[in-house]
Amino acid sequence: MPKTLIEPFRIKSVEPIRMTTRGEREQLLEEARLNVFKLHAADVLIDWLTDSGTGAMSSRQWGAIMEGDESYAGARSFYRLERVIREITGMSHFIPTHQGRAAEKVLFTAVCKKGDLVPNNSHFDTTRANLEYLGVEAVDLVIPEGLQPALVHPFKGNIDLARVEHLLQTQGDRIPFGMITVTNNTGGGQPVSMANMRAYAALLKKYGKPLIMDVCRFSENAMFIKMREAGYESASIKSIVQEMFALADGCTMSAKKDGMVNIGGFIVLRSDEWMDAVRNMLILTEGFPTYGGLAGRDLEALAVGLEEGMDEDYLRYRLRTAEYLGERLEQAGVGFVRPTGGHAVYIDAKTVLPQMPVAHYPAWALCNALYLQGGVRGVEIGSVMFGRRLDDGTETYHSMELVRLAFPRRMYTQSHFDYAAEVIAEVKQMAAGIRGVRITKQPRVLRHFTCECAWV
Ligand SMILES: *Cc1c(COP(=O)(O)O)cnc(C)c1O
């Protein structure tokens, strides 16, 4: 058998990407106030800002688009998608939403109240924001290994069961349900083992609490289980996925991830108990329950995409891609969060710019350097994103300075990855000449999206 793992698809429709010169990029970045969020996407060569809704749909999905039934109520496309989702999840209630955070908002508003507390391995930022907006405390309880970037562990997304049990014993009356995020996005796209999910579900059950899963990357998680967890070596992805869903009482999903579509999300629930409240909230904010903020064609594309996302050849190629970039970084002496996750690689900027003070935002500086050197766009996960300027003008900083490179699905080929690896290695070589930044204008919250910077 040849050892080369290939992209398990061929290309039917192409979208040109534009080469720019270093001089042009310098000017474009200046105009963007040294903030890559403000660049026009057309000026980016390799866009690894996010894997959310940015992937390529298949010819089967584009074919399904034409079959979309745009009826307001009871569309055929809804029932088709419902069949697919029931088969995968085994849950009786399926409610489409326009994306993941809408699923969170609808569910949480219907079943949480002020003063509640929700445990999770790590809440994704929209999940945390939706809970906190309702006055609910969002508690992250990932295992300690999950917080050490250089430490290799097969399931760094696992939840710390002892700390969950302690919470259930001491604050049980505040907990409406437990959550778990697969894969753990905030922690680097790290997987959760089946054993951990099973034990967590049993623990919650002992205390009479439902388990809600945030399943944005359930297929990638299942592939990690197949590759790393004893007893699953020869299981099919679908059977692993079904075994996982059987542990849950309900789920929220952003279909922009493993749903392989550009927009969409959903809620599934096992019992009738919360359905009336959820349905009423949905009608208020998303739309009638058989379309939930989506067009019929979106539902069709998702019905196909969910199946394609579980294809083993695709998943093997997907996870291998991140691993491959990790190997190239290792050769270049660039540090990153280990092991590589499912959808992204997180560069440890302090290994590239060890001399740069954190006050000059090394991860932000590295992000800018990657764009200037080769037109590659990543996202800073460091002190611009998580630090804060206090009223007295002093700053708080984040413990890590990371640059996330997140990979759209089925979009970039191996040569794109080789090119990006070369760009990163070149930046590492010229690290001494990379300039840090200061923030000249910033909003009070979520400053990374809109802040303006200048070179120090
Ligand atoms: C993307 C994401 C969400 C939110 O979904 P959107 O479609 O972006 O609203 C929630 N949880 C996780 C883990 C995610 O990755």
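Bear in mind these aren't lab numbers, they're just calculated from the coordinates by the rules spelled out. None of these values were measured; they are calculated from a predicted model. A quick note on method: Cβ atoms are made from the backbone with ideal geometry, for glycine too, and the neighbour counts reach across all protein chains shown.
Values for this structure:
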| item | result |
| --- | --- |
| Unit charges at the beta carbon, dipole of the stretch 59-308: most positive-side option, 85, 151, 304 | 151 |
| Exposure proxy ranking, count of Cβ atoms within 10 Å, fewest first, for 367, 251, 451, 112 | 112, 451, 251, 367 |
| Relative contact order of the stretch 59-308, pairs being alpha-carbon contacts under 8 Å that are 6 or more residues apart, as % | 32 percent |
| Relative contact order [Cα under 8 Å, 6+ residues apart], the stretch 127-200, whole percent | 30 percent |
| Selected from 71, 120, 449, residue furthest toward positive end of dipole (the chain; charges at beta carbon) | 449 |
| Residues in the stretch 298-331 that a label on residue 227 would reach, taking backbone N under 18 Å of a point 7 Å out along Cα→Cβ | 309-331 |
| Computed over the chain: relative contact order in percent, which uses C-alpha pairs under 8 Å that are six or more apart | 23 percent |
| Overall form of the stretch 214-263 per C-alpha gyration tensor (a/c, 1.5; a/b vs b/c) | oblate |
| Centroid-to-centroid separation of the stretch 150-171 and the stretch 322-347 [C-alpha atoms, Å] | 25 Å |
| Residues 390, 5, 39 arranged by fewest to most Cβ contacts within 10 Å | 390, 5, 39 |
| Cα-based reach from residue 113 at 16 Å (exclusive), listing lysines while leaving out same-chain residues under 8 positions away | 105, 209 |
| Per-residue Cβ neighbour rank within 10 angstrom, fewest leading, 98, 398 | 398, 98 |
| For residue 229, distant residues with modelled amide H under 5 Å away | none |
